Amino acid sequence: MANKITISSEEPEVVQQPKEPSRLTDTMQKVADFNFSISSSWIVKQIPYALFLVGLTLVHIWNAHNVEKLIRKTDRLARENKELRSAYISIQSELMSESKQSAVAAKLDSIGIKELTAPPFKITKRGNEY
């Protein structure tokens, strides 16, 4: 067998097959044409997705409700904390003023106890005294 070179003026014809439209293209065409044919099998197929969306919606509503409740509780506790702090400061300042020596002496004077004028002295035991 010998190698032969053949030159032909005819090029092989390339047959282009028409492309099948993709699902997205087909869907977009239906939307553009307002062709919404809904079948019962399509509806049945979409039920799990619809239930999932309903579940997500319920979770979202529940979460929003709990967040609002938590914010209200936080605000209430912050106000209560502020009130308790101010009560603590006022009671502490009142206690400090009443525990001064002059205030204690004035209260004891009203019941008949006098303040010492002489300094205190130490009691010591001498020898064998009992």
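Conditions tested, residue by residue: (1) out of contact with any helix residue (DSSP H, G or I) (no Cβ under 7 Å at 6 or more places or on another chain); (2) surrounded by 10 or more Cβ atoms within 10 Å (Cβ to Cβ); (3) part of a loop (DSSP other than H, G, I, E, B).
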residue	(1), (2), (3)
35	yes, no, yes
41	yes, no, no
44	yes, no, no
48	yes, no, no
108	yes, yes, no
115	no, yes, yes
126	yes, no, yes
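For the stretch 73-106, a residue qualifies if it is outside any loop (DSSP other than H, G, I, E, B), more than 36 Å from the chain's Cα centre (by Cα) and among the hydroxyl-bearing types (Ser, Thr, Tyr), and the qualifying residues are 93, 97, 102. Taking each residue of the stretch 81-106 that is within 22 Å of residue 117 (Cα to Cα) and looking for partners that are hydrophobic (A, V, I, L, M, F, W, C) and modelled with pLDDT under 95 with beta-carbon atoms closer than 8 Å, six or more apart or interchain, yields 98/104.
The values are calculated or read from the model by the stated rules, or taken from the named source; none is laboratory data. Owing to the predicted nature of the structure, the values given are computational and were not obtained by experimental measurement. When we count neighbours, we look across all protein chains shown, and the Cβ atoms used for this are built from the backbone with ideal geometry, even at glycine.
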